[in-house]
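Reviewing the structure listed below.
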Amino acid sequence: MTDQTTTLDFSDGSPAVTFPILTGTVGPEVIDIRALYGKTGRFTYDPGFLSTASCNSKITFIDGDKGELLYRGYPIEELATRCDFLEVCHLLLYGDLPTPAQNADLQSRVIKHSMVNEQMQFFLRGFRRDAHPMAVMTGLVGALSAFYPDSINLHDAHQRDISAIRLIAKMPTLVAMAYKYSVGQPYMYPRNDQGYAANFMRMMFATPCEDYKPNEVLVRAMDRIFILHADHEQNASTSTVRMCASSGTNPFAAIAAGVACLWGPAHGGANEACLNMLYDIEREGGIAKIGEFIARVKDKNSTVKLMGFGHRVYKNYDPRAKLMRETCHEVLSELGLHDDPLFKLAMALEKIAVEDDYFVSRKLYPNVDYYSGIVQKAIGIPVSLFTAVFALARTVGWIAQLNEMITDPEYRIGRPRQLYSGAARRSVIPLAQRA
Ligand code: CMC
C-alpha cells in the first residue's frame, strides 16, 4: 500500500473520484477501485480480466514482457535445475524452500498418504473404459471429499493441511489408476521406497508381471514437468479454484473445479491438442504439409490455431518453454527418438513458426505445452492423459492459492457484477394472447 492516489474524471460532468494506488513488491501498480460502485454507481468492465488484479498474492510472479517466472521470489530456472518437485511443493505451500529436516518430513507425510481408499476402485468402475481421463479425474477428485470427510473443513488450518497433503500424495495414484482402468490393467499400488515422480511412473508403467525400471533421465524429465506446471499465478483454473473455494466449499471440491477448468484446450488441454494437431499434420503428409497447415492457421476465416503457441501473459517467450525444450532434447536423445517422424515434424513446425512474421508480429512463441506434450509422448504417457498430468502438477499451486485466499483478512466470497444488455423490464403476456 502507498499513499499515492489517482483521480478519475468523468466527461459527463459527474464529480471526480479519487482512488488509492497499491504497490506490490514488483509488477504493475494497481488502482484500488473497490469503492467505485459506492462512490459513482458504476462498475468497471473487463471481460477476460485483461486489466484486473483479482487478489493480493505472495506466491507467484510473472513478468510477461521479460519472460520471468518466480515462485515465492525464486526464478523458475533455478528451481527447475536445483530442486525436486517436493521441495517446490514445500516452497509453494509453506512460503520457503525446506530445510533437510522439513524436506524429510514432507516426503514422509506425502508417502504415507499416497494410497487411496480401496473403495475408490469401485467408484472408478462406474466409468466407461473409454471415458476421457479428465472426466474421470474431475469425478475422482471431487469424490475424495466423500472418502475423507475428516479433512473437508476449509476454515480449519489443520484439516486444510491434511487435505493438501492428501491431494498432493493421491493425485499420482489417481491419474495412474485412471490410466490403468482405461487399458484394463490391474492397478499398481504406490510404493514408499520411490521418489514422487518415479512412483508415478511405476504406477503407470509397471504391471504385476513386470516391474518398471526407472530411467534417471525420464524420471527427472517428469519431475521437471511437475515443477514447471506447479503454479502460474491467477490463470483460469487457479481463479476457478479461488472462486469455488470462496463460497467455503471443501478443498477437494474446489480442486475438482480446477481440474474441470484446466481440461479446456485454451488452458491445460493445449498439450493434448498440440499432439493431436501434430498427428493431423502427419496424416496429411508430414513435414511437406507444414506450409499448408500454417496457411490455414493464418487464414482469418479459419478457426485453426497453432496449438502450444501463444500466451496471454508471456509476450516474448515462456521461460518454462525454454526449460522444457531443453528437457525435450535430453529425452529424445536418451530414447534415440530424434529421427522419429512425429518428433521431427514437431521440431520442423517449431522452426518454421518461430521465424514466420504472422507469429513474430503477434508475439506468439511456443509455450510450455508445446514441448511438454512431446516429452510426455516420448516417455510413453498416452496423449489423452497429458492434461491429467498437468492437473497432478498444478494441484499444489491450486492448494497454495486456496490457502492464501482463505487466510487473507480481505477474503470475501467472489461475486463479480455485469453489464446487463438483455431485455428491459416487461410484462408476461398470457400464453393464449401471444402471437
Ligand atoms: N495460433 C494462431 N494464432 C494465434 C494463436 C495461435 N496459437 N494464439 C493467438 N493467436 C492470434 C489471435 O488470432 C490474434 O490474432 P489477431 O490479432 O489477428 O486477431 C492474436 O494472435 C492475439 O491472440 P489473442 O487470442 O488475443 O490472445 P489471448 O491472450 O486471448 O490468448 C491463448 C492466449 C493461450 C489462449 C492463445 O494464444 C491460444 O489459444 N493458444 C493456443 C492454445 C495454447 O497453447 N494454450 C496453452 C497456454 S500455456 C498453458 C497454460 O498456461 O494454460
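The values are calculated or read from the model by the stated rules, or taken from the named source; none is laboratory data. Keep in mind it's a predicted model, so treat the numbers as computed, not measured. Every residue, glycine as well, gets a Cβ built from its backbone with ideal geometry; the counts of neighbours run over all protein chains shown.
Quick look at the numbers
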quantity: The lone exception for residue 286 - which of (1) farther than 16 Å from residue 370 by Cα; (2) modelled with pLDDT of 95 or more; (3) surrounded by fewer than 22 Cβ atoms within 10 Å (Cβ to Cβ) it fails; calculated: (2)
quantity: Matching option when the condition is within 12 Å of the ligand (Cβ to nearest atom) and of a type in the set (D, E, K, R), among 339, 356; calculated: 356
quantity: Members of region 118-135 that are surrounded by 20 or more Cβ atoms within 10 Å (Cβ to Cβ) and in contact (Cβ under 8 Å) with a residue 60 or more places away in the chain; calculated: 133, 134
quantity: Candidates 44, 18 - the one that is surrounded by fewer than 18 Cβ atoms within 10 Å (Cβ to Cβ) and in a strand (DSSP E or B); calculated: 18
quantity: Selected residue (only one of 292, 282 is assigned by TED's automatic domain parsing to the domain that holds residue 374 and more than 16 Å from the ligand (Cβ to nearest atom)); calculated: 282
quantity: Region 295-321 - residue that is among the hydrophobic types (A, V, I, L, M, F, W, C) and either surrounded by 14 or more Cβ atoms within 10 Å (Cβ to Cβ) or within 10 Å of the ligand (Cβ to nearest atom) (or both) and, of those, nearest to residue 27 (Cα to Cα); calculated: 313
quantity: Qualifying residues in region 67-96 (those that are in a loop (DSSP other than H, G, I, E, B) and touching a residue at least 60 places away in the same chain (Cβ under 8 Å)) - the one farthest from residue 393 (Cα to Cα); calculated: 67
quantity: Residue in region 361-374 that is touching a Cys at 6+ places or on another chain (Cβ under 8 Å), outside the structural domain of residue 241 (by TED's automatic domain parsing), away from the ligand (no atom under 12 Å from the Cβ) and on the phi < 0 side of the Ramachandran plot present; calculated: yes
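Conditions tested, residue by residue: (1) touching a residue at least 24 places away in the same chain (Cβ under 8 Å); (2) more than 17 Å from residue 260 (Cα to Cα).
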{"site": "179", "(1), (2)": "yes, yes"}
{"site": "188", "(1), (2)": "no, yes"}
{"site": "193", "(1), (2)": "no, yes"}
{"site": "197", "(1), (2)": "yes, yes"}
{"site": "205", "(1), (2)": "yes, yes"}
{"site": "213", "(1), (2)": "no, yes"}
{"site": "217", "(1), (2)": "yes, yes"}
{"site": "230", "(1), (2)": "yes, no"}
{"site": "242", "(1), (2)": "yes, no"}
